[in-house]
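Let me begin by presenting the structure, written as structure tokens, before commenting on it.
The values are calculated or read from the model by the stated rules, or taken from the named source; none is laboratory data. Computed from a predicted model, the values in this text were never measured in an experiment. Cβ placement follows ideal geometry from the backbone for every residue including glycine, while neighbour counts extend to all protein chains displayed. The area values use the complete protein model at the heavy-atom level, side chains included, leaving out ligands, DNA and RNA. Shrake-Rupley method; radii C 1.70, N 1.55, O 1.52, S 1.80 Å.
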Amino acid sequence: MIPTRPYLLRAIYEWTNDNKLTPYLLVNAELPNVHVPRQHVQDGQIVLNIAPHAVHQMVMDNDAVSFSARFGGVSQQLYIPMAAVLGLYARENGQGLFFDPQEYEGYQASAADQSVDGGQNETDQAADQNAATAPVKKPSLRILD
């Protein structure tokens, strides 16, 4: 099953914006494939302001959160795999949602593509081999203000 984290994250993000609050994203910066400004990481974590006015081209899909933002006047592209998202809360009152850091242990994103019995047949394997050479297109939800 797909973890609930991406769905709950999008809901809390919408709730903070609807209430004119500032959404802060708490990230485990030590996980693989996390691209954040390392100079702002403290104790392996970083807190990011993801308010619509603070980010550009934000995408929150089931796999990751990505956007560009300015740090010290320099625009940077950030990429946070969903497993690295520890929570989302409002700066003004601390209300939000914090996630179980172990929710993604043992989860493989490709599991949804496998058959019910967990295996792949020869047609699926051939399709996977062909897909490996094709550009990857992921469905995404883009949050707009």
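Within segment 61-83, the residues that satisfy the criterion of being aliphatic (A, V, I, L, M) and either farther than 16 Å from A29 by Cα or out of contact with any Pro (no Cβ under 9 Å at 6 or more places or on another chain) (or both) are A69, V74, I80. Summed over segment 9-21, residues that are polar (S, T, N, Q) and crowded, with 16+ Cβ neighbours inside 10 Å total 2. Apart from one condition, Y89 fits all of (1) open to solvent by less than 90 Å² (accessible area, probe 1.4 Å); (2) at pLDDT 95 or above; (3) under 19 Å from A11 (Cβ atoms); (4) out of contact with any Gly (no Cβ under 6 Å at 6 or more places or on another chain); the exception is (4).
Inside segment 29-48, residues that are open to solvent by 20 Å² or more (accessible area, probe 1.4 Å) and either closer than 14 Å to L9 by Cα or small (G, A, S) (or both) make up a count of 0.
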